[in-house]
Ligand SMILES: Cc1cc2nc3c(=O)[nH]c(=O)nc-3n(C[C@H](O)[C@H](O)[C@H](O)COP(=O)(O)OP(=O)(O)OC[C@H]3O[C@@H](n4cnc5c(N)ncnc54)[C@H](O)[C@@H]3O)c2cc1C
């Protein structure tokens, strides 16, 4: 049951954003930057953001050599390099907006273990460096096996190691905490525990049905315009979009004495990724060993994948080193036929922005900016 006061002060907005991940928060902040007086609310189903933004690996990355070469093969050079530029734009905006300290940004570079069975050639790497020079103004990838050995990796099954000279890492918890604080400081209301069940369009704007588990009842919010930033969960509101959930599994170790590497690393075409978090190791991936099982939005662990992660941890990443796992978790990404985010105007009041693949930390701020621009263009 809603009161007169609640109805008159809390439920009507200029803009409502569904989903408080990096994309939803960035959309709200960009809208406030363009319209400081606009009344804006974000509706989030979880107590915390409950998708991918607080559960990821925190790679501030533009793509590994294998990933970019595979993108070029799939979609052509122009589109693949456009995606690299989008990642750079998004990261530049995130760093500028919050500052490196607030997001725990460290630019230690990283590397890639190239599989002996499916090697990319040194000529391909040299060609890729030339293509990326216009974007980064320096050599991005340097084949450097001795660096891989110095990092302590067992490279027996790998043909070589490619050092990445530009990539960084962030603390995803700090980043999201400060993004929420910035949105709130600009006057954005964030309602958690608010699952949007239905959005209807009318002559004046939209009417949004929100389910409150705590009160076992529904609230109706209204706004002139709305953006749906629910990423892997878009289909629950708009079944017409090509979005499939993809679960990502992660583990983190307890601190390891004398950890030999700092930075972000990939192998098996990016299906496995690891980094240091201080002197812990965060290691994730392995969706490719059970694509079907991992096409889910259930936040559960898959034993087979967790065992495979531990296998690689012991055999390749820190061979002959004692370690303990401190925590394991899963997050949900969004994929589709095309490796490009959805930014789509549903009608004159609603924009959908999502499907950020495994690169939302990189592109989320820019996609939010573009979603806000699209909403503003709607008048
Ligand atoms: C394990 C893992 C590792 C990753 N590593 C990296 C990485 O290193 N670098 C990188 O760039 N990217 C990485 N990603 C991908 C990145 O985290 C995502 O692309 C990005 O967080 C997507 O942001 P988003 O805001 O679009 O979606 P989300 O963060 O998923 O936010 C969507 C929000 O919508 C809410 N929601 C859903 N339905 C409703 C509803 N009906 N009503 C109200 N709220 C709703 C959800 O609770 C959620 O909070 C990783 C992802 C995972 C899972």
Would you work out the relative contact order for the stretch 17-165, in percent, from Cα pairs under 8 angstrom that are 6 or more residues apart? 19 percent
Hey, could you pull the Cα Rg and Dmax for the chain, both in Å? 21.5, 70
Nearest 10 degrees, 0 to 90: helix 65-75 Cα axis against the chain principal axis: 60 degrees
If you line up the long axis of helix 77-98 against the longest principal axis of the chain, both from Cα atoms, how many degrees apart are they, to the nearest 10? 70 degrees
Pair residue 9, residue 329: separation of 7 Å Cα→Cβ label points (nm): 3.4 nm
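Can you compute the FRET efficiency between residue 145 and residue 118 using 1/(1 + (r/R0)^6), with r the Cβ-Cβ distance and R0 = 22 Å? Round to the nearest 0.05.
Efficiency at R0 = 22 Å is approximately 0.80.
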Compare the peptides 25-36, 109-120, 364-375, 327-338 by average per-residue count of other Cβ atoms within 10 angstrom and give them in order, highest first. 364-375, 25-36, 109-120, 327-338
Mean residue ellipticity (222 nm) of the chain, computed from DSSP H runs ≥ 4 via -39,500 (n - 2.57), nearest 500: -10000 deg cm²/dmol
log₁₀ I(q)/I(0) of the stretch 269-379 at q = 0.17, 0.19, 0.21 Å⁻¹, via Debye over equal Cα point scatterers, no solvent, to two decimals? -0.92, -1.05, -1.18
With Kirkwood's inverse mean 1/r over C-alpha pairs for Rh, give me the Rg to Rh ratio of the stretch 1-49, two decimals please. 1.03
Set the Förster distance to 41 Å, then compute FRET efficiency between residue 73 and residue 200 from the Cβ-Cβ distance, nearest 0.05. 0.40
For the chain, averaging the sequence separation of alpha carbon pairs under 8 Å that lie six or more residues apart and dividing by its residue count, the contact order in percent is 25 percent
Using Cα-Cα distances under 8 Å and only pairs 6 or more residues apart, what relative contact order does the stretch 138-234 have, in percent? 15 percent
In whole angstrom, the spacing between the Cα centers of the stretch 308-322 and the stretch 77-125 equals 25 Å
Please report, in Å, the Rg and the Dmax of the stretch 154-207, where both are computed over Cα atoms only. 22.1, 65
For a label point 7 Å from the Cα of residue 1 along Cα→C-beta, name the residues of the stretch 180-219 whose backbone N is under 19 Å from it. 212-219
Sort the stretch 105-211 into rounded, prolate or oblate with this rule: let a ≥ b ≥ c be the square roots of the eigenvalues of the Cα gyration tensor; rounded if a/c is under 1.5, and if a/c is not under 1.5, prolate when a/b is larger than b/c, oblate otherwise. prolate
Cα-based Rg/(2.2 N^0.38 Å) for the stretch 1-90, rounded to two decimals, is 1.55
With a 10 Å Cβ neighbour count serving as the proxy for reagent exposure, in which order, fewest first, do 86, 322, 301 appear? 322, 301, 86
Compute log10 of I(q)/I(0) for the stretch 33-130 with the Debye formula, placing one identical point scatterer on every Cα and leaving out solvent, at q = 0.13, 0.17 Å⁻¹, to two decimals. -0.70, -1.02
For the stretch 99-151, rounded, prolate or oblate, judged on the Cα gyration tensor with a ≥ b ≥ c (square roots of eigenvalues), a/c < 1.5 rounded, else prolate if a/b > b/c? oblate
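Taking a ≥ b ≥ c as the square roots of the eigenvalues of the Cα gyration tensor of the stretch 130-187, is the shape rounded (a/c under 1.5), prolate (a/b larger than b/c) or oblate? Each step should come with its number before you reach the end.
On the way: a/c = 4.91, a/b = 1.92, b/c = 2.56.
Oblate is the answer for the stretch 130-187, as a/c is 1.5 or above yet b/c matches or exceeds a/b.
Throughout, read-outs are computed from the coordinates displayed, never taken from laboratory work. Being a predicted model, the structure only gives us computed values, none of them experimental. Ideal geometry is used to build each Cβ from the backbone, glycine not excepted, and the neighbour counts take in all protein chains shown.
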